[in-house]
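Worksheet: one structure, shown below.
The numbers here are math on the coordinates, done by the rules we state, and not lab data. Keep in mind that this is a model prediction, so the values were computed, not measured. Here the Cβ positions follow ideal geometry from the backbone for every residue, glycine too, while neighbour counts run over all protein chains shown.
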Amino acid sequence: MRKELLNKNLQNLPAIDKVLNQDSIKVWVAEIGGNTQTAIVRKAVEVLRNKLIENYETGKTLADLSKEHLLQAATENAFLIYNVRENKKLRKVVNATGVLIHTNLGRVPLSEASKQAITESSSSYCNLEFDLSSGARGARGDGAEVLLCELTGAEDALIVNNCAAATVLVLSSLSNGGEVIISRGELVEIGGDFRVPDVMNVSGAKLVEIGTTNRTKLQDYEMAITHETSLILKVHPSNYKIIGFTESPEVAELARLAQKNDILLYEDAGSGAMVDLSEYGLGDEPLIKASIEAGADVVTFSGDKLLGSVQAGLIVGKARAISRLRKNPLYRALRGSKIIYAALEATFKAYIGNSQFTDVPVLRMLTEDYDELEIRAKNLVGKLSKIETVGAEIKEGFSAIGGGAAPEVKLHSPLISASVDGYSTSELLNFLRNFEVPVIARIFDENLLMDLRTVSETEESILLEAFQAASRLKKKEKATQK
Ligand SMILES: *Cc1c(COP(=O)(O)O)cnc(C)c1O
């Protein structure tokens, strides 16, 4: 009986053309084009169909729905989709630039487990600061911060909104307005608005510069220590590299010096690495565990660089130092949200289970080898070349780490160089960027290039659709000119 009613309702669903012919929807063509209009309507009918089936499967009471009613419902769905599409500022894009940590494109995608954890903790209430065993108040760090200690060997950990916030919190809590010693080679600017001297200023610390841009010796640190000194700061100059005649002391040497003088050593690792990535050319990124082992009192790094999770500032170190941060009223202003804790907990679990190279997207992309990428690229080039007026071929090139990490590292990758008749390279770049799902490619040597290292396999069909649309549009333009 219910099954029959469901089938009747499904039969009464409007045809796509019927919805497209509604006056209120017809007018969209001029604004968004026929393809997008049809795609929206298709989606609207599909959503309605799924809803009917879902109601049936979950045992809801079914109504006998007329054709008019369902046409109306489909039209309303179409308007909902249209409005969201037109008004949303923040949208999914396909990153075909080959830059792994792309700050302008949201840095890095999250693991499946992290996405699930975010949904679970935020679509209802969660036990963020509630201890389920006792029913008393709990600490938000009980999950992620405990795992972070396990991963790095640190005594304690604290999580804030980003690494810049971590730096401000550490410097203001531990410098006490005293002198902070830093090498001239590490007075860096990271990403335009993060300059180490400015952060020092905001934190009330007095900057003491030592050494030269390319060489700073242990002795330089030793000589700069006075009664006013509270900290030695070591900053990993993430986005540039001095090569040639260079020198800077090891973390272990600085840690010994700090301890001897009863001051603290703080290392801002920037990206850092949780596991050894030297095999992939990232041997210069500080291994967080190694810095802790070498005796650094505090180490800070980003959640959304090579770690591969959400925007967050991760602070690890000795219990005495971290407890001073936790007690600083500033911590209350900088502490992470439940979304940060949920995502990080899931990411840390991947590292603990040693599945980071398959589960964490940025590491999966980093370690995908040339041959695997070439198989994917050849396959896509085959499909692209079948589209009328589209030309595509593979060129050897490089992907970049980005995000101010490892500027000298280039990953060997096959790139797809593509063109469509009637478009200049920059016109095609613009077309792709303005596609329904924006595709961000790059231009090199007058060629439009797409790098599949940063494109997931499920996104390949979007690239294909974008080129089909580009080709169709030019054909249509030609036809109307005749
Ligand atoms: C990236 C970086 C920062 C800033 O980190 P955010 O998480 O973007 O705030 C600070 N210090 C160093 C050395 C960095 O590389």
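Worth pointing out:
- Sorted on the mean count of surrounding Cβ atoms within 10 Å across their residues, most packed first, peptides 381-389, 165-173 read 165-173, 381-389.
- Converting phi to 3J(HN,Hα) with the Karplus coefficients 6.51, -1.76 and 1.60 and the offset θ = phi - 60°, the range 431-445 yields 4, 4, 5, 9, 5, 2, 9, x, 10, 9, 10, 9, 10, 9, 6 Hz in sequence order, with x at every glycine or proline.
- Using only side-chain charges placed at the Cβ, +1 for Lys and Arg and -1 for Asp and Glu, the dipole size of the chain relative to its Cα centre rounds to 1800 debye.
- Full extension of the segment from Ala63 to Glu129, taken as 0.36 nm per residue of separation minus the current Cα-Cα distance, would add 19.3 nm.
- Count, lysine Cα pairs under 19 Å in the range 24-131, 8 or more residues apart or across chains: 8
- Under 5 Å, built H, 5+ apart or other chain: amide partners of Asp156: Gly317, Ala319
- Residues of the range 37-68 with amide N under 12 Å of the 7 Å Cα→Cβ point at Met1: 62
- Based on alpha carbons, the Rg and Dmax found for the range 54-98 are 17.3, 52 Å.
- Approximate spin-label separation Leu330-Glu120, in nm, with each point projected 7 Å along Cα-to-Cβ: 3.5
- Spin-label pair Phe357/Glu253, simplified geometry with 7 Å Cα→Cβ offset, distance in nm: 3.3
- Förster-model FRET efficiency, 25 Å R0, Ala39 and Lys378, C-beta, rounded to 0.05: 0.30
- Cα-based shape type of the range 81-120, given that a ≥ b ≥ c are square roots of the gyration tensor eigenvalues and the cut on a/c is 1.5: oblate
- Volume of the convex hull of the range 315-461 (Cα atoms only), normalised per residue: 177 Å³.
- Theoretical gain in end-to-end length, Phe398 to Leu10 [0.36 nm per residue, Cα-Cα removed]: 134.6 nm
- FRET efficiency, Val29 to Asp445 (Cβ-Cβ, R0 35 Å, nearest 0.05): 0.35
- Over the range 365-421, the hull volume per residue, using the convex hull of the C-alpha atoms, is 88 Å³.
- Net +/- balance of residues flanking Ala154 in space, Cβ distance below 13 Å, scoring K and R +1, D and E -1: -4
- Given charges at Cβ of Lys, Arg, Asp, Glu: the chain dipole, positive-most of Val390, Asn21, Gly404: Asn21
- Sorted by Cβ density within 10 Å, fewest first, the residues Glu374, Glu228: Glu228, Glu374
- FRET efficiency for Lys260 and Glu293, using Cβ-Cβ distance with R0 set to 22 Å, rounded to 0.05: 0.75
- Partner aspartates and glutamates whose Cα lies under 19 Å from the Cα of Lys476, excluding those fewer than 8 positions away in the same chain, are identified as Glu31, Glu388, Asp421, Glu427, Glu436, Glu465.
- The relative contact order of the chain comes to 18 percent, based on Cα pairs under 8 Å that sit 6 or more residues apart.
- Fewest-first ordering of Tyr56, Tyr221 by other beta carbons within 10 Å of each residue's beta carbon gives Tyr56, Tyr221.
- Packing-based ranking, highest mean first, of 332-342, 435-445 given that Cβ atoms within 10 Å are counted: 332-342, 435-445
- Summing Cβ point charges (Lys, Arg +1; Asp, Glu -1) relative to the Cα centre of the range 193-341 gives a dipole of roughly 760 debye.
- Test item: Cα-centred dipole of the range 365-476, Lys/Arg +1 and Asp/Glu -1 on Cβ, debye: 500
- Mean-position separation - Cα centroids, the range 369-420 and the range 16-92, in angstrom: 36
- Oblate is the label for the range 199-269, because the ratio a/c of its alpha-carbon gyration tensor axes (a ≥ b ≥ c) is 1.5 or higher and a/b is not greater than b/c.
- Potential lengthening between Glu279 and Asp369 on full extension [0.36 nm per residue; Cα-Cα distance subtracted]: 31.2 nm
- Total lysine pairs under 18 Å (Cα atoms) in the range 220-353, excluding pairs fewer than 8 apart on one chain: 11
- Using distinct alpha-carbon pairs, which all enter the 1/r mean, Kirkwood radius of the chain in Å: 25.9
- As a proxy for reagent exposure, ranking Val94, Val84 by other Cβ atoms within 10 Å from fewest up yields Val84, Val94.
- The C-alpha radius of gyration of the range 439-482, expressed as a fraction of 2.2 N^0.38 Å, stands at 1.46.
- Tensor-based shape of the range 13-131 (alpha-carbon gyration tensor, a/c under 1.5 rounded, otherwise prolate or oblate): oblate
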